[in-house]
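Novice: Have a look at the structure that comes next, please.
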Amino acid sequence: MENTLCFSTNYDSALIDRIQEETKSVGYYNLPNQDTHYIDDYLERLDKQQGLELLTDIVVIGIGGSSLGTKAIYHFLKPVRQLQRKLHFIDSTDPIALNNLQRDVNFASKSTHFLIISKSGSTIETIAAYKYILGLINGSSVDYCPFTFITDKNSPLEKHAKEVGALVVNIQDNVGGRFSVLSSVGTIPLILAGIWVDRVLQGANSIKNSFFDNGYIQDVLLQKATFYAKNVANYPINSVFSYTESLRYFNQWYVQLWGESLGKKQRNSVFNIGLTPVGLTGPKDQHSFLQLIIDGTRDKTITFIKLENFEVSSPVPNITLKHLEDTDIINNVEFSTLINLQADSIIESLKKVQRIPLDEINIKQQDEFSIGQLIYYYELLTSLVGDLLNINTYDQPGVESGKQILMEKLKEIKDKQ
């Protein structure tokens, strides 16, 4: 992974020391070096409970940070991997989505296993979906427990799991939901799918080592974070433009990570501050957002993410169309070449426009190592920007307020029944 900045800025080297100190209390920093023996232990227990060889479908029930990161990695690798099992995601309370999934997966089959993921163990959306599945399965008189619960130690969900004799995997200490993809929240479903989790962690660790050991990525991240923080008033919108469909769910993960982490009140202040994330997929969003970038308000930074090597060879056929002879220029051109030429052309055009800060991330291969790098890169960048903005990067008081209001409304409905 390479990151080229088209801007430069001075940064305070003391930021490294502050982040180094933060690694003692914020758990995600150390996940690339985690002891993964718990994964083997879990697989052994699951094999005894339900039989690994029987499993074909894994249903991940979780919302936000409990599913977005896993979804991002799975869909990045799915097009280029022969995976062992399919992952399905229930990450909404949309009744149509629930019904459609039931058409695709036999919930009452022994080939299906469910991962119920909630850090707090009491997430309303997750528990609602779990109850929905439980209601369907109980009606089929299933004689085994098809559930694994992934949650914090001593959470209500862990207590429930032990009560019903289900499997439990705890989330590592001090790991927030949106930073949890490299924890058991992500490693368990990914390993069940057949993804090489060790390579994902190795990719993340390469970024960690480069940053904390004064490698190439340290200067890049410090410059980029400092620029964002210093220019928060001028460039409050940060757009990620991913030039591969395989990163469309990564874009969603980035939007949550960035928005929920960096939209806060500053410490010891009444001022609200924040950076707004926008996830775009090229080249299709060239036709919906590019005009706004070029001729709209100059309040956006743009990060282009390109994949250097697509694992598919697919040229445009050498066909001449009547009245469209001018388009023969694309004949025999690989689609992988075409999409990167589109990205390069847009980058070049934007460089000619004043006051649009750009940077470019090049991913060498569509593999586990590369997505591990990208995930950890953005987690680190988020932490660095949060420190410079003088906010608590890891809480979410605005979200908690909405949860409390939801509970009050649900209680009102319950009282009326």
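All of the numbers you see were taken from the coordinates with simple rules; none came from a lab. Everything numeric in this text was worked out from a predicted model, so none of it was measured. Glycine gets a Cβ as well: all are built from the backbone with ideal geometry, and neighbour counts include every protein chain shown.
Novice: Convert 4 °C to kelvin, take the viscosity as 1.567 mPa s, use the Kirkwood radius over C-alpha pairs of the chain as Rh, and evaluate the Stokes-Einstein diffusion coefficient in µm²/s, rounded to a whole number.
Specialist: D, rounded to a whole number, is 56 µm²/s.
Novice: Using 0.36 nm times the number of residues separating LYS78 and ASN272, minus their current alpha carbon distance, what extension gain do you get?
Specialist: Difference between extended and current length: 65.9 nm.
Novice: How long are the three semi-axes of the equivalent ellipsoid of region 1-94, in whole Å, if each is the root of 5 times an eigenvalue of the C-alpha gyration tensor, listed from largest down?
Specialist: Working from the Cα gyration tensor, I get semi-axes of 35, 20, 15 Å.
Novice: Let me ask something else about it. What does the extension gain come out to for SER25 and THR93, with contour length at 0.36 nm per residue minus their alpha carbon separation?
Specialist: Result: 21.1 nm gained on full extension.
Novice: One quarter of the convex hull surface, Cα atoms only: what value does that give for region 280-335 in nm²?
Specialist: Over every viewing direction, the Cα hull of region 280-335 projects on average to 5.8 nm².
Novice: Any chance you could tell me what percent of the C-alpha pair distances in region 226-332 go past 15 Å?
Specialist: Here the long-distance tail beyond 15 Å is 73 percent of all Cα pairs in region 226-332.
Novice: Helix 37-49 versus the longest principal axis of the chain: what angle, 0 to 90°, nearest 10, using Cα atoms?
Specialist: Roughly 50 degrees between the two axes.
Novice: Please compute the Cα-Cα pair-distance distribution of region 280-417 with 10 Å bins starting at 0, giving whole percents from short to long.
Specialist: Taking all Cα pairs of region 280-417, the binned fractions are 9, 23, 26, 20, 12, 8, 2, 0 percent.
Novice: Could you tell me the largest-minus-smallest coordinate of the C-alpha atoms of region 125-284 on each of the three principal axes, in descending order and whole angstroms?
Specialist: In descending order, the Cα extents are 60, 40, 37 Å.
Novice: Region 165-227 to region 327-343: how many Å between their Cα centroids?
Specialist: When both Cα centres are located, 35 Å separates them.
Novice: Obtain the nm distance between the two label points defined at SER120 and HIS37 by a simple spin-label model: each point lies 7 Å from its Cα along the Cα-to-C-beta direction.
Specialist: The answer from the label model is 3.4 nm.
Novice: With 10 angstrom as the radius, rank ILE63, ILE116 by how many other C-beta atoms surround their C-beta, starting from the fewest.
Specialist: ILE63, ILE116
Novice: Now, a different point. Can you put HIS160, HIS323 in order, fewest other beta carbons within 10 Å first?
Specialist: Listed from fewest to most nearby Cβ atoms, that is HIS323, HIS160.
Novice: Give the angle, between 0 and 90 degrees and rounded to the nearest 10, that separates the Cα long axis of helix 68-77 from the longest principal axis of the Cα atoms of the chain.
Specialist: Long axis of 68-77 versus the principal axis of the chain: about 70 degrees.
Novice: List CYS6, CYS145 from most exposed to least, where exposure is judged by having the fewest other Cβ atoms within 10 Å.
Specialist: So the residues, fewest neighbours to most, are CYS6, CYS145.
Novice: Let me ask something else about it. How high is the FRET efficiency between ASP415 and ASP326 when r is their beta carbon distance and R₀ equals 56 Å, given to the nearest 0.05?
Specialist: Here the calculated transfer efficiency is 0.20.
Novice: Does region 363-417 classify as rounded, prolate or oblate by the C-alpha gyration tensor (a ≥ b ≥ c root eigenvalues; a/c under 1.5 gives rounded; else a/b over b/c gives prolate, otherwise oblate)?
Specialist: It comes out oblate by the Cα gyration axes.
Novice: For region 27-195, take N as its residue count and report Rg(C-alpha) divided by 2.2 N^0.38 Å.
Specialist: Against the empirical 2.2 N^0.38 Å value, I get 0.96 for region 27-195.
Novice: Right, next: Across region 16-114, how many lysine pairs, 8 or more apart or on two chains, come within less than 19 Å at their alpha-carbon atoms?
Specialist: 4
Novice: If you fit an axis through the alpha-carbon atoms of helix 184-193 and take the longest principal axis of the Cα set of the chain, what angle between them do you get, 0 to 90°, nearest 10?
Specialist: 90
Novice: Going by average Cβ neighbours within 10 Å, how do the peptides 43-52, 120-129, 372-381 rank, with the highest at the top?
Specialist: 372-381, 120-129, 43-52
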